[in-house]
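The values are calculated or read from the model by the stated rules, or taken from the named source; none is laboratory data. Source: prediction; values computed, not measured. Quick reminder, even Gly has a Cβ in these numbers, built from the backbone with ideal geometry, and neighbours come from all protein chains shown.
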Amino acid sequence: MTKAIRVYEAGGPEVLKWEDVDVAAPGAGEALVRQTAAGLNFIDTYQRSGLYPMTLPAIMGNEGAGVVEAVGAGVTEVQPGDRVAYHSAPGAYAEQRLVPAWLLAKLPDDISDQQGASMMLKGGTAQYLLRQIYEVKAGDTIVIHAAAGGVGLIVCQWAKHLGATVIGTVGSDDKAELAKAHGCDHPIVYTREDFTARVRELTDGKGVPVVYDSVGKDTFMGSLDCLQPRGLMVTFGNASGPPDPLNVLALSQKGSLFLTRPTLGHYTPDHAAVVKVANDLFDVVSSGAVKIEINQTYALKDAAQAHRDLESRKTTGSTVFTI
């Protein structure tokens, strides 16, 4: 018997229940992981609220880290005793759990379990945003919304490391300072500035080749207007709610724009891709180019409070549940 956070119905943070659960022995292709930490991400709140429906009841959470205790038949990716981390495996809010072994990446010695648990989803997202969807290069200027958030701080540092100029939107002066300290050249406090006009000003009216938008409804149309002709709009989250329906003719009217709504799972479809994305991330973290800062920690049993704080924009950077 072990403990986990389980939900039986969609709703607010109050639906998160701390309770006993049974964990079976690992089956074929599975690893039993004793978890030491789990990450908190906005997608967790989308799933809890029902915006992204789950089959209920369900154990919450999508990324974590710990030690492999046992493996099932046919597992070659890991072995007992390995320190591992993962993303995109629902059920992370637990003391012990089964994980498909192909989703596990071995943690380097110089990266802690808490770092691993806090960065696999956010850092993996940053990797596919910057290295796969649009390959950021020296001399590019990019826009990243929620620049002081978990993904935003990683994107700012990584893009700066690649030689890009980074424009980021934030909700307060404190968050502007935080983003600036992490590589954001031009933080814009969107609550008092028209970010679209500011981006146009900063680019001499040209716009940018790519916008990374995890805010959604509040920023979507303004983000399109930040793009140069044939620019790419990457909408990868809905912190303010889903964007309104779009008349696709607007994409041609605004400059033959491209639009994508990616998920990390589609960029890590097999173990080789999981390892490639993880190793890219581990390399920039180990080199010091990207610092993973865990700005909030909660006991796993306090998951409801962590969700409240995340949704009310009280958190910055990464948040981890200690187990």
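Points worth noting:
- Out of VAL21, VAL71, one residue alone is at pLDDT 95 or above, buried (at least 20 other Cβ atoms within 10 Å of the Cβ) and either among the hydroxyl-bearing types (Ser, Thr, Tyr) or more than 24 Å from the chain's Cα centre (by Cα) (or both). It is VAL71.
- If you filter the range 124-138 down to residues that are part of a loop (DSSP other than H, G, I, E, B) and of a type in the set (A, V, I, L, M, F, W, C), you find that the one that is nearest to ILE154 (Cα to Cα) is VAL136.
- In the range 105-157, the residues that are surrounded by fewer than 24 Cβ atoms within 10 Å (Cβ to Cβ) and among the charged types (D, E, K, R): LYS106, ASP109, ASP110, ASP113, ARG131, GLU135, LYS137, ASP140
- The range 104-149, subset of a type outside the set (S, T, N, Q) and without any contact (Cβ under 8 Å) to a residue 40 or more places away in the chain, residue farthest from GLY207 (Cα to Cα): ASP109
- For THR55: the one exception among (1) surrounded by fewer than 24 Cβ atoms within 10 Å (Cβ to Cβ); (2) at pLDDT 95 or above; (3) within 18 Å of GLY29 (Cα to Cα): (3)
- Being within 20 Å of VAL215 (Cα to Cα), surrounded by 16 or more Cβ atoms within 10 Å (Cβ to Cβ) and in contact (Cβ under 8 Å) with a residue 60 or more places away in the chain holds for only one residue in LEU310, LEU300, and it is LEU310.
- Counting only helices (runs of 4 or more DSSP H) that sit completely within the range 226-323, those holding 3 or more residues that are among the β-branched types (Val, Ile, Thr) and within 19 Å of the chain's Cα centre (by Cα) correspond to 271-286.
- Reported count of residues in the range 158-177, each being surrounded by fewer than 24 Cβ atoms within 10 Å (Cβ to Cβ) and not in a loop (DSSP other than H, G, I, E, B), is 8.
- Residue pairs whose Cβ atoms lie under 8 Å apart, separated by 6 or more positions or on different chains, with the first residue in the range 180-203 and β-branched (Val, Ile, Thr) and the second in a loop (DSSP other than H, G, I, E, B), are VAL189/GLY171; VAL189/SER172; THR191/GLY171; THR191/SER172; THR196/ASP225; THR196/CYS226; VAL199/GLY207; VAL199/CYS226.
- Failed item in (1) touching an Asp or Glu at 6+ places or on another chain (Cβ under 7 Å); (2) closer than 16 Å to ILE43 by Cα; (3) of a type in the set (A, V, I, L, M), with VAL234 passing the rest: (2)
- Of all residues making up the range 74-89, the number that are surrounded by fewer than 16 Cβ atoms within 10 Å (Cβ to Cβ) and either aromatic (Phe, Trp, Tyr) or touching an Asp or Glu at 6+ places or on another chain (Cβ under 7 Å) (or both): 1
Yes or no, residue by residue, for (1) farther than 26 Å from VAL277 by Cα; (2) modelled with pLDDT under 95; (3) not polar (S, T, N, Q):
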position: ALA126; (1), (2), (3): no, no, yes
position: CYS156; (1), (2), (3): no, no, yes
position: LYS160; (1), (2), (3): no, no, yes
position: THR196; (1), (2), (3): yes, no, no
position: GLY207; (1), (2), (3): yes, no, yes
position: VAL210; (1), (2), (3): no, no, yes
position: CYS226; (1), (2), (3): yes, no, yes
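- Flag if LEU153 is within 23 Å of CYS226 (Cβ to Cβ) and touching a residue at least 60 places away in the same chain (Cβ under 8 Å): yes
- SER252, sole failed condition from (1) at pLDDT 95 or above; (2) of a type outside the set (Phe, Trp, Tyr); (3) in the same structural domain as VAL15 (by TED's automatic domain parsing): (3)
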